[in-house]
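The values are calculated or read from the model by the stated rules, or taken from the named source; none is laboratory data. Quick caveat, the model's predicted, so the values are computed rather than measured. Note that each Cβ is placed from the backbone with ideal geometry, even for glycine, and that neighbours are counted across all protein chains shown. Heavy atoms of the whole protein, side chains included, go into the accessibility calculation; ligands, DNA and RNA do not. Shrake-Rupley method; radii C 1.70, N 1.55, O 1.52, S 1.80 Å.
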Amino acid sequence: MKKSFKVKGIDCANCAAKLEKAINKLPDVEVAVVSFATEKLLLEAADDKFDAVVGQVEQTMKDLEPDWELVK
């Protein structure tokens with residue numbers, strides 16, 4: 001499944017790259033692309049694991065920067 005999410009609180013392209021790298025290291029993430037310019041996260045994961053992956057992404061965001069927010 002592929003889905004796009006809005007990401008709030010990303011201040012710079014380096015932050016977006018750091019977040020993208022961390023998300024791509026998560027188990028079950030097939031592809032993650034974070035765009036600073038559009039404040040979007042494109043996430044791809046298996047359908048049966050997608051909700052769990054989204055939860056892991058949210059936790060990863062909080063661990064990296066508490067002000068970042070994933071808008072569903």
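At-a-glance table
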read-out: Unique residue being among the polar types (S, T, N, Q), farther than 15 Å from Leu70 by Cβ and under 12 Å from the mean Cα position of the chain (by Cα) when the list is Asn14, Asn24; value: Asn24
read-out: Complete set of residues in region 1-32 that are open to solvent by 90 Å² or more (accessible area, probe 1.4 Å) and over 22 Å from Asp47 (Cα atoms); value: Lys8, Asp11, Asn14, Lys18
read-out: Failed item in (1) part of a loop (DSSP other than H, G, I, E, B); (2) touching a residue at least 60 places away in the same chain (Cβ under 8 Å); (3) among the hydrophobic types (A, V, I, L, M, F, W, C), with Phe5 passing the rest; value: (1)
read-out: Residue selected from region 28-72 under the condition part of a helix (DSSP H, G or I) and among the hydrophobic types (A, V, I, L, M, F, W, C), by the criterion nearest to the chain's Cα centre (by Cα); value: Val57
read-out: Residues being open to solvent by 70 Å² or more (accessible area, probe 1.4 Å) and farther than 20 Å from Asp67 by Cβ - total across region 34-49; value: 4
read-out: Region 2-38, residues that are among the aromatic types (Phe, Trp, Tyr) and closer than 16 Å to Thr60 by Cα; value: Phe5
